[in-house]
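Below is one structure, written out as structure tokens; comments come after it.
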Amino acid sequence: MSTPDMEKGSAPRVQPVRYARKEYWNEPTMNWWEKAYLPEVLRGLAITTGVFLRNMGKWITGRRGAVTTYYPEERRADFAPRNRGKHVLTQRPDGSVQCIACNMCATVCPAKVIEIEPGFDMNDPAHPKYPVRFEIDYSRCVFCGMCVEACPEDAIRMEPDVPNLVSDDRYNMWMTMDEMMTWRPQSDVAKPYPPKPVSLTRAARSEGGAPSKH
């Protein structure tokens, strides 16, 4: 049976790979009151109305109430310059990830939200280990910065900005390696890696000559 894509002669659609996420021991569960939905909606409206009336009362009586900042176009004056936000994976000069998949960041993470799948490159004796998959569960991340402090290779950093963090699907809050490398690419690593060795031709190896450029 042919599909519309096959009839047009185009390649079949490739479904994105959805990795099986681990289940946490303290997964949030809703009680019958929360499942009823309407009581929680009314409670949320009551909280919002109370905050609005308190701030309005402050402004009316000449006191300073809450001030709305249109983030990210505007920043609060007291916004911490070293605030820890979105993660960034640094790159080597050839554009590959600086990470060596040592799992130190995942080990020290207090929330256990970092998952790394290591790979091995036989043709790279200088740094053969690399991450095939590097993901962070932002629905549980506490933004403590311990992963940055533990990294021995300056491979992970945190920018004082977290765009598009809110989502109605927990799965969409997993930060992938591609996004962490391309969001704000950085290659000024504090510990530069040696370049990969250039392979020699058979004649050059026998003569002890210079590496081949081919």
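Structure data summary
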| read-out | value |
| --- | --- |
| Residue in segment 144-165 that is in contact with a Gly (Cβ under 7 Å, 6 or more places away or on another chain) and at pLDDT 90 or above present | yes |
| Segment 151-175 residues that are at positive phi and of a type outside the set (A, V, I, L, M), paired with ones that are open to solvent by less than 40 Å² (accessible area, probe 1.4 Å) and part of a loop (DSSP other than H, G, I, E, B) (beta carbon under 6 Å, 6 or more apart) | D154/V189 |
| Lone unmet requirement of (1) assigned to a loop (DSSP other than H, G, I, E, B); (2) open to solvent by less than 20 Å² (accessible area, probe 1.4 Å); (3) in contact with a strand residue (DSSP E or B) (Cβ under 6 Å, 6 or more places away or on another chain); (4) on the phi < 0 side of the Ramachandran plot for R84 | (2) |
| Hits in segment 21-41 (condition: aliphatic (A, V, I, L, M) and exposed (fewer than 10 other Cβ atoms within 10 Å of the Cβ)) | L38 |
| Per-region count, segment 156-178, residues under 22 Å from K129 (Cβ atoms) and surrounded by 16 or more Cβ atoms within 10 Å (Cβ to Cβ) | 4 |
| Selected residue [farther than 26 Å from A20 by Cβ and open to solvent by less than 80 Å² (accessible area, probe 1.4 Å)] from E149, E117, E153, E135 | E153 |
| Failed condition for R75, given (1) farther than 21 Å from S187 by Cβ; (2) surrounded by 15 or more Cβ atoms within 10 Å (Cβ to Cβ) | (2) |
| Tally of residues being open to solvent by less than 50 Å² (accessible area, probe 1.4 Å), of a type outside the set (D, E, K, R) and either without any contact (Cβ under 8 Å) to a residue 40 or more places away in the chain or assigned to a loop (DSSP other than H, G, I, E, B) (or both) across segment 87-102 | 7 |
| Selected residue (criterion: most open to solvent (accessible area, probe 1.4 Å)) from residues of segment 120-131 that are among the hydrophobic types (A, V, I, L, M, F, W, C) and free of Cβ contacts under 8 Å to residues at least 24 places away in the same chain | M122 |
| Helices (runs of 4 or more DSSP H) wholly inside segment 1-76 containing at least 2 residues that are modelled with pLDDT of 75 or more | 32-35, 38-60 |
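The values are calculated or read from the model by the stated rules, or taken from the named source; none is laboratory data. Note that this is a predicted model, so its numbers are computed, not measured. As a convention, Cβ positions derive from the backbone with ideal geometry for all residues, glycine included, and neighbour counts pool all protein chains shown. These area figures cover heavy atoms from the full protein model, side chains too; ligands, DNA and RNA do not enter into them. Shrake-Rupley method; radii C 1.70, N 1.55, O 1.52, S 1.80 Å.
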